[in-house]
Structure formats: C-alpha cells, structure tokens
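The values are calculated or read from the model by the stated rules, or taken from the named source; none is laboratory data. Owing to the predicted nature of the structure, the values given are computational and were not obtained by experimental measurement. As a convention, Cβ positions derive from the backbone with ideal geometry for all residues, glycine included, and neighbour counts pool all protein chains shown. Ligands, DNA and RNA are excluded from the accessible area calculation, which covers all protein heavy atoms including side chains. Shrake-Rupley method; radii C 1.70, N 1.55, O 1.52, S 1.80 Å.
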Amino acid sequence: MTAELHFASARDLVRRIRARELSAREVTEAHLAQIERTNPQVNAIVTLLAEQALEQARAADEALMSASYAGRLHGLPVAHKDTHETAGIRTTWGSPLLAENVPVRDELVIERMRAAGVITLGKTNVPEFAAGSHTFNPIFGATLNPYDPGRSAGGSSGGAAAALACGMHAVADGSDLGGSLRNPASFCNVVGLRPSPGRVPSWPALASWATMGVQGPMARSVGDVALLLSVLAGPDPRSPIALETPGEVFTRPLERDMTGLRVAWSPDLGGLAPADREVVETLGAAVKVFADLGCVVEEDCPDLAGADEVFRTLRAWQFELALGTLPQAGLKRSLVDNIEVGRALTGPDIGRAEVLHTRLFHRVREFFERYDALLLPVSQVVPFDTGLEYPAEVAGHQMRDYLEWMASSYLISATGCPALAVPGGFTPGGLPVGLQIVGPHRADFAVLQIGHAFEEATHHAARHPALSEQHT
C-alpha cells in the first residue's frame with residue numbers, strides 16, 4: 001500500500017481522499033515513510049515538519065467527516081521550495097544570511113496551496129538565493145540526482161524535483177528565471193512548467209511589473225502539473241500583471257487530436273545553444289514521436305537575436321535590486337559578480353534591453369503564426385558531476401560563465417512564452433533527458449495538451465529511480 005501511495009498521481013490521491021477511500025493521514029504517513037527512506041540519499045527536503053504534517057492531516061480528515069472540503073488539493077502532502085515564504089516555517093533561500101529566517105506570512109503561491117487544502121511536509125533545497133541550475137548551498141549542501149547520486153539534480157528547484165522523482169510528494173511549487181522549473185525537471189525525469197508571465201501572480205514582489213521571473217508547478221505527470229496550475233493560476237489584485245483567466249480552465253481534459261499540428265524542432269536554437277551529442281541523439285528519437293502522432297515536423301527556430309543580452313541585462317538588474325543591500329562577504333562569488341554587473345548598468349543599458357525585448361516578442365509572435373509549438377532540449381547537457389559548480393564545456397564550446405550552459409532555457413525565458421519540460425528519454429547510461437515544448441504567448445493550456453500527448457505516447461516518466469524502490 002505504501003509504495004502504491006507514494007507514487008500515485010496527485011489527481012488519484014485527492015480523488016480517493018475526497019471519496020474517503022483513503023485518509024489524509026494514511027497518505028501523509030506513506031510520504032513521510034518515503035522521505036525517511038530516500039531523503040538521506042539525495043538531500044531534497046531540508047526542513048521536515050513530520051508532526052505538524054500529521055496534525056494537519058488529522059484536521060483534514062476531521063473536516064471531511066463534517067462535510068467540509070478545502071479544495072482541489074485537500075489532504076495532499078507537499079514540501080515547498082525554500083525560496084517561498086511560509087508563515088511560521090524557516091525559509092532560508094539557501095543562504096547563511098537567512099539561516100534562521102522565519103517569515104510571518106505566506107506568499108501568494110503558498111496562500112493558494114494552503115487554501116486548496118495541502119498538508120505542508122517542509123521545505124525543499126535550493127541553490128544560494130536560487131542562483132544557478134545546480135542545487136547546493138553552504139547550509140544544507142547539495143541535492144543529489146535520484147538516477148545517479150554522483151550527479152546534479154539541477155536547480156534552482158532541485159530539491160523539489162528530486163523529491164518528486166523519489167516519491168516524497170506528488171506535486172511541488174517552484175520558480176523559474178532562467179530554467180529553474182525546467183532544468184531540474186529534465187535532470188530528474190519529472191515535469192515542470194514555466195507559465196506565461198502573470199499566469200501565476202507573484203506577491204510580495206519588489207518589481208511587480210517584471211516578467212522574467214515566474215512561479216509555477218512541478219509534478220511527475222502533465223496532468224498533475226495542470227491540477228496544481230489550476231490552483232496557482234488566476235487573477236489577484238496585488239499583482240499588476242496577473243492574467244484574468246481563472247485557474248479553473250486548467251481542469252479541462254488535456255486530450256486533443258494532434259493530427260496536422262505544425263511543430264518546429266531545433267536541437268541548438270540555430271547555434272545559440274549547442275547541446276552535447278547524447279542529448280541531441282536521445283531527443284531525436286523523441287521528436288519522431290510527434291510525426292507518429294500526425295504532426296508536421298520541420299527543423300526550424302525563431303530568430304532569437306538579442307535574447308542573450310535581454311536576459312543577462314534584466315537578470316543582473318533584478319539581482320542588484322533584490323540582493324544589492326546584503327553584505328557581500330556573506331554571498332558566493334557568482335552572486336557578487338551578478339550584483340556588480342547590475343550595479344554598473346546605466347539607464348541606456350536598460351532601455352536598450354527593453355527595445356530588444358520588444359523586437360524579440362514580435363519576431364517570436366510571427367514565428368508562432370507558422371508553428372503551433374517549438375521543440376528543443378531543456379538542458380544542453382546531461383546531469384553533471386555534483387562536485388562541479390557548472391559544466392565548463394558543452395559540445396566542444398567553452399562556457400564563459402555559470403549561465404551559458406543554460407542558454408537553451410534562458411533564451412526561451414526572454415521570449416515570455418510558456419515552456420514545458422517533459423521526460424524525453426534516457427541516455428544509454430540511464431540518465432534522464434528532458435524535452436522542452438514551447439508555445440505561443442499565453443498558450444499555456446495548449447502546451448500542456450501537447451506535452452500530455454507526448455507523455456501518453458512514451459511513458460518515460462514511469463521509469464522511477466532505483467533508490468526510490470528500495471525497502472518498499
């Protein structure tokens with residue numbers, strides 16, 4: 001029963017809890033048992049609230065007995081990303097400067113999950129201040145890849161992704177500036193959606209009009225990602241860019257006829273994001289699935305000229321804004337470098353980035369007049385050695401810094417398009433490789449439908465890491 005529960009879908013668990021076929025306590029106990037078994041091997045959950053979770057589960061069961069139903073996630077145990085404020089629960093951002101930080105409020109995504117009935121298990125590991133797609137920090141150390149514990153789980157939502165892969169929880173909240181929902185999903189063989197800006201409102205926020213960073217859902221299936229998105233999405237008066245579409249639209253069936261869908265495939269974004277051979281070869285087989293589904297597949301990509309400058313400029317500005325007042329002696333060197341770049345920006349620098357951003361928007365908009373979706377690698381590399389800060393070389397190209405190896409994700413961030421990471425297959429050595437599905441602006445539901453069709457045709461996500469099955 002325990003193994004059945006900790007790898008059951010979120011949709012199945014909440015349905016069975018609501019029907020009283022299962023209790024929230026049973027489900028919570030099963031996930032706590034899986035955390036006890038597997039977390040020491042991967043270091044995904046860094047703050048565990050077992051007794052509090054069991055008490056919340058008891059209350060959830062009592063509420064159901066009195067016909068009081070919280071919402072779509074009633075009784076579902078979840079651990080939250082350690083960059084998301086949780087009232088009364090330590091939130092460190094992976095930094096010694098905030099090692100004892102206990103917020104007095106929930107931020108918006110946590111508000112919505114709690115209102116929908118989740119049971120809070122604790123917090124998941126992140127890189128220091130969520131910088132970089134490799135999860136390690138001076139407080140908790142590194143999160144390890146469930147498929148090969150000698151390798152990275154990705155980041156910055158690396159703890160969330162590793163916990164999903166191991167069956168510690170069924171859905172997870174994450175965030176994405178340059179790939180933080182997508183890269184760990186790729187490395188850990190789970191699903192992560194970078195929604196359209198404003199789809200999931202952010203509050204509190206220093207720069208509420210900014211669109212580069214977003215928050216969104218992760219899970220082991222596209223259907224469960226859609227379930228969590230239905231809770232996270234929807235308007236909120238505290239966010240000036242919040243989209244008006246209610247979250248309920250993401251509860252609709254994901255099935256669609258793929259016949260005639262126009263799909264572009266780009267292994268390297270026209271040379272801007274060269275990928276290692278084993279990534280391209282693994283995804284080459286995945287792309288053939290779309291032709292088998294009836295899609296018209298062509299090798300093509302949008303003109304992303306200026307996207308690198310847009311992302312790097314606006315990211316540096318954002319880092320200086322958020323972290324510029326902190327003592328530099330307490331920050332890792334790469335963070336200090338980012339802050340200094342942001343501090344050196346001029347008004348014309350920001351203005352140029354905004355002009356380039358606008359031009360990029362229109363070129364991508366026109367590209368999606370010809371295509372329904374763009375397919376490309378989530379990451380240009382397979383999970384790398386956990387002792388590295390980042391890969392120094394990709395496909396024979398030297399990386400200039402810790403960002404460049406993530407270009408296949410961060411260039412897409414600059415477009416503002418919704419982007420879904422789905423399990424795309426495995427290398428001969430058994431390492432996961434994620435496929436990125438990008439859609440037109442605000443076409444989040446269509447991207448989920450396409451990802452669901454691919455998932456149903458391949459079932460890559462059904463391959464769990466061996467360590468998660470031990471002693472069950």
Phi angles of the stretch 170-177, converted by Karplus (6.51 cos²θ - 1.76 cosθ + 1.60, θ = phi - 60°) into ³J(HN,Hα) in whole Hz with x for Gly and Pro, give 9, 9, 8, 8, x, 9, 8, 9
Relative contact order [Cα under 8 Å, 6+ residues apart], the stretch 1-122, whole percent:
29
Leaving out ligands, DNA and RNA, and with a 1.4 Å probe, what % of the accessible surface on the chain is carbon or sulfur?
53
When DSSP assigns beta bridges and you keep just the ones with both residues in the chain, what percent turn out antiparallel, to the nearest 5?
75
So, with points 7 Å from each Cα along the Cβ direction, the Arg463-Glu278 label distance in nm works out to 1.2
How compact is the stretch 14-105 by the rule of thumb for globular proteins, expressed as Cα Rg over 2.2 N^0.38 Å?
1.22
How large is log10 of I(q)/I(0) for the chain at q = 0.12 Å⁻¹ when the intensity is taken from the Debye formula with one equal scatterer per alpha-carbon?
-0.98
Taking only DSSP H segments of four or more residues, each worth -39500 (n - 2.57), what value at 222 nm results for the chain once the sum is divided by all its residues, to the nearest 500 deg cm²/dmol?
-11500 deg cm²/dmol
Computed about the Cα centre, the charge dipole of the stretch 312-376 from +1 Lys/Arg and -1 Asp/Glu charges at the Cβ has a magnitude in debye, to the nearest 20, of 100
What is the distance, in nm, between label points placed 7 Å from the Cα along the Cα-to-Cβ direction at Leu206 and at Glu100?
2.4
Express the accessible area of the chain per residue in Å², computed with a 1.4 Å probe while the remaining protein chains stay in the model.
36
Output ³J(HN,Hα) for the stretch 38-50: one whole-Hz value per residue in order, computed from phi by the Karplus curve 6.51 cos²θ - 1.76 cosθ + 1.60 with θ = phi - 60°, and x for Gly and Pro.
9, 4, x, 8, 10, 6, 8, 9, 10, 10, 10, 10, 4
Could you work out how far apart the two model spin labels at Ala395 and Ala344 are, taking each label as a point 7 Å from the Cα in the direction of the beta carbon, and quote it in nm?
2.9
Using Cα positions and a limit of under 29 Å, work out the lysines in reach of Lys123, with same-chain residues fewer than 8 apart set aside.
Lys81, Lys332
Could you work out the Rg to Rh ratio of the stretch 192-304, with Rh taken as the Kirkwood radius (inverse of the mean 1/r over all Cα pairs)?
1.04
Sparse-neighbourhood loop sites, GluC sites (Glu not before Pro) in the stretch 389-466 - DSSP loop, at most 16 other Cβ within 10 angstrom
Glu389
Quick one: accessible surface of Ile241, probe radius 1.4 Å, all protein chains present, in square angstrom to the nearest 10.
40
Which ³J(HN,Hα) values in Hz, rounded to whole numbers, follow from the phi angles of the stretch 401-416 under the Karplus curve 6.51 cos²θ - 1.76 cosθ + 1.60, where θ = phi - 60° and Gly and Pro get x?
6, 7, 9, 4, 5, 9, 4, 4, 9, 6, 5, 5, 3, 5, 6, x
Need the C-alpha centroid separation for the stretch 186-245 versus the stretch 353-374, integer Å.
21
Quote the charge dipole size of the stretch 204-307 about the Cα centre in Debye, to the nearest 20; the model charges only the Cβ of Lys and Arg (+1) and of Asp and Glu (-1).
340
For Ala87 and Gln52 in one chain, what is 0.36 nm times their gap in residues minus the Cα-Cα distance, to one decimal in nm?
11.3 nm
Kirkwood Rh and Cα-based Rg: tell me the resulting Rg over Rh for the stretch 220-361, rounded to two decimals.
1.06
Amide H neighbours of Ser379 under 5 Å, counting only residues 5+ apart in sequence or on other chains, H built in-plane at 1.01 Å?
Gly434
Quick check for me: using +1 on Lys/Arg Cβ and -1 on Asp/Glu Cβ, what's the dipole size of the chain about its Cα centre, in debye to the nearest 20?
640
Set the Förster distance to 30 Å, then compute FRET efficiency between Glu299 and Asp12 from the Cβ-Cβ distance, nearest 0.05.
0.20
